[in-house]
Amino acid sequence: MNTAERDTNPRIVIPQAEPVLVETGNVTKKVRRRALLQNVSFTVERGEICGLLGPNGAGKTTLIRAMTGLIRPDSGDIRIGGRSVVREREAAVLHVGAIVESPIFFPYMTGRDNLDNLALLHPNLPTRKEREQRVREVLEIVRMDKRADERVKTYSLGMKQRLGIAQALLGDPELLILDEPANGLDPMGIRELRELILRLKHELGKTVLVSSHLLDELQKICDRIVVIREGEQVFAGSREEMIGRHSSLEEAFVEMMTS
């Protein structure tokens with residue numbers, strides 16, 4: 001084959017995914033005259049763990065509700081995987097899994113039965129075989145497979161949180177959003193949660209947005225930090241940029257909140 005013939009052959013180009021998975025642009029949400037969010041803008045790249053920080057009432061859960069399409073911002077936009085949550089909600093959130101506040105399950109049913117019922121509602125799992133296989137997979141991921149056939153009412157808080165993460169993983173999402181997942185957990189439960197989040201990143205390539213008041217834990221796992229105070233974004237950048245000249249994330253955060 002001569003050079004001319006080789007050059008006329010079609011070339012297969014495999015498109016590369018954009019590095020930015022989440023992009024919020026000037027997101028604003030008001031209730032009456034109070035601004036719950038005001039011009040919040042940041043990005044999260046694929047494969048990152050992003051910590052969402054702020055005091056109680058800062059607007060963290062409001063932002064998470066907007067990112068998951070549960071509420072609509074008054075202005076601005078949120079794009080996930082290039083899709084607008086405002087204009088293309090169904091397509092944008094199809095590959096998002098979330099725990100907003102505390103996961104709720106039927107306590108008289110087993111963990112597996114709860115997930116089986118939830119899998120029935122997921123558009124990414126159209127067949128019974130796919131649903132059963134995915135339920136088995138997520139139970140193994142969160143290491144609940146050995147307790148899956150026990151009733152949820154017998155579970156500890158940490159086990160319920162892991163079952164909640166299993167629920168959020170059912171559709172094999174690119175982005176996992178966790179709202180205060182460590183609330184009420186004892187030190188062992190917090191450690192297990194930390195290890196699970198790191199495994200989701202390193203072994204499964206998940207992108208995770210997690211809000212928490214446990215700054216020591218976020219310092220151990222986060223690549224990126226976003227800080228909100230009274231609805232306004234006061235910082236967005238890498239963990240190292242956030243800590244800066246301070247000895248810890250906690251010290252940097254306290255100074256930021258009191259300055």
Just wondering, is there one or more residues in the range 140-148 that are crowded, with 17+ Cβ neighbours inside 10 Å, over 19 Å from residue 109 (Cβ atoms) and either out of contact with any helix residue (DSSP H, G or I) (no Cβ under 8 Å at 6 or more places or on another chain) or not acidic (Asp, Glu) (or both)?
yes
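Of the residues that make up the range 249-259, is at least one assigned to a loop (DSSP other than H, G, I, E, B), charged (D, E, K, R) and either touching a Phe, Trp or Tyr at 6+ places or on another chain (Cβ under 9 Å) or not assigned by TED's automatic domain parsing to the domain that holds residue 120 (or both)? Show your work before the answer.
As a first pass, look at the range 249-259 and keep what is assigned to a loop (DSSP other than H, G, I, E, B): 259.
Within this subset, residues satisfying the condition of being charged (D, E, K, R) are none.
For the range 249-259, residues assigned to a loop (DSSP other than H, G, I, E, B), charged (D, E, K, R) and either touching a Phe, Trp or Tyr at 6+ places or on another chain (Cβ under 9 Å) or not assigned by TED's automatic domain parsing to the domain that holds residue 120 (or both): absent.
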Restricting the range 234-253 to residues that are surrounded by fewer than 17 Cβ atoms within 10 Å (Cβ to Cβ) and over 12 Å from residue 224 (Cβ atoms), which is modelled with the lowest pLDDT?
245
Tell me which residues, restricted to the range 150-186, are among the small types (Gly, Ala, Ser) and surrounded by 15 or more Cβ atoms within 10 Å (Cβ to Cβ).
158, 164, 166, 168, 171, 182
Complete set of residues in the range 17-28 that are crowded, with 23+ Cβ neighbours inside 10 Å, free of Cβ contacts under 8 Å to residues at least 60 places away in the same chain and of a type outside the set (Ser, Thr, Tyr)
27
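May I ask you to say which residue of 149, 113 is among the charged types (D, E, K, R), in contact with a Lys or Arg (Cβ under 8 Å, 6 or more places away or on another chain) and modelled with pLDDT of 95 or more?
Just one listed residue meets the conditions, 149.
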All but one of (1) touching a Ser or Thr at 6+ places or on another chain (Cβ under 9 Å); (2) more than 20 Å from residue 44 (Cα to Cα) hold for residue 174; state the number of the condition that does not hold.
(2)
Say we look at the range 31-46 and pick out the residues that are modelled with pLDDT of 95 or more and charged (D, E, K, R); which of these is surrounded by the most Cβ atoms within 10 Å (Cβ to Cβ)?
46
Candidates 70, 94 - the one that is surrounded by fewer than 19 Cβ atoms within 10 Å (Cβ to Cβ) and touching a Gly at 6+ places or on another chain (Cβ under 8 Å)
94
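The values are calculated or read from the model by the stated rules, or taken from the named source; none is laboratory data. Keep in mind it's a predicted model, so treat the numbers as computed, not measured. Backbone-built Cβ (ideal geometry, glycine too); neighbour counts: all protein chains shown.
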